[in-house]
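Bear in mind that the values in this text are calculations on the coordinates, not laboratory data. Keep in mind it's a predicted model, so treat the numbers as computed, not measured. All Cβ positions, glycine included, derive from the backbone under ideal geometry; neighbour counts span all protein chains shown.
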């Protein structure tokens with residue numbers, strides 16, 4: 001089971017305990033410890049600023065057609081200072097990479113951006 005220290009660290013870093021980390025305990029403490037350490041390695045201090053890592057995660061979620069995760073990564077990117085223009089640029093890039101039908105897929109994300117930035 002995830003200890004209180006790690007739970008507090010996750011809540012401080014991202015505002016919640018990531019679902020993958022929570023369910024890792026199902027596979028035993030050694031596995032959960034590995035997943036927790038890996039999460040901290042990826043999302044902790046790094047060369048690329050956190051805002052840009054979240055924008056990258058936003059892009060991969062769009063490419064993967066994972067609206068729920070895209071919205072989550074968008075919220076985290078905005079929390080780290082991403083602007084609506086940066087979010088729109090990521091969306092345009094993904095439309096270029098994946099093709100015009102992606103515009104239908106990203107419509108709910110654009111709606112969420114408008115709501116978030118009160119456009």
Report summary line: With Cα coordinates, the longest principal axis of the chain makes an angle with the long axis of helix 102-116, in degrees rounded to 10, of 80 degrees
Query raised in the report: So how tilted is helix 29-43 from the main axis of the chain? Cα-based, degrees 0 to 90, rounded to 10.
Result: 40 degrees
Report summary line: Once both label points are put 7 Å beyond Cα along the C-beta direction, the residue 84-residue 100 separation in nm becomes 2.6 nm
Report task. For residue 52 paired with residue 29, estimate the spin-label separation in nm (one decimal), with each label point 7 Å from Cα along the Cα-to-Cβ line. Result -> 4.0 nm
Query - Förster-model FRET efficiency, 30 Å R0, residue 40 and residue 118, C-beta, rounded to 0.05 - result: 0.30
Query raised in the report: Gain in length, residue 12 to residue 63, computed as 0.36 nm per residue apart minus the alpha-carbon separation, to one decimal in nm?
Result: 15.5 nm
**Report entry** Distant alpha-carbon pairs in the stretch 1-61 (separation over 19 angstrom), percent
**Finding:** 32 percent
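Taking only the alpha-carbon atoms of the chain, what semi-axes of the equivalent ellipsoid follow from 5 times the gyration tensor eigenvalues under a square root, in whole Å, largest first? Don't skip to the answer; put the middle values down first.
Values: eigenvalues 171, 47, 33 Å².
Working from the Cα gyration tensor, I get semi-axes of 29, 15, 13 Å.
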Query raised in the report: Among 104, 90, which comes first, second and so on when ranked by fewest other beta-carbon atoms within 10 Å?
Result: 104, 90
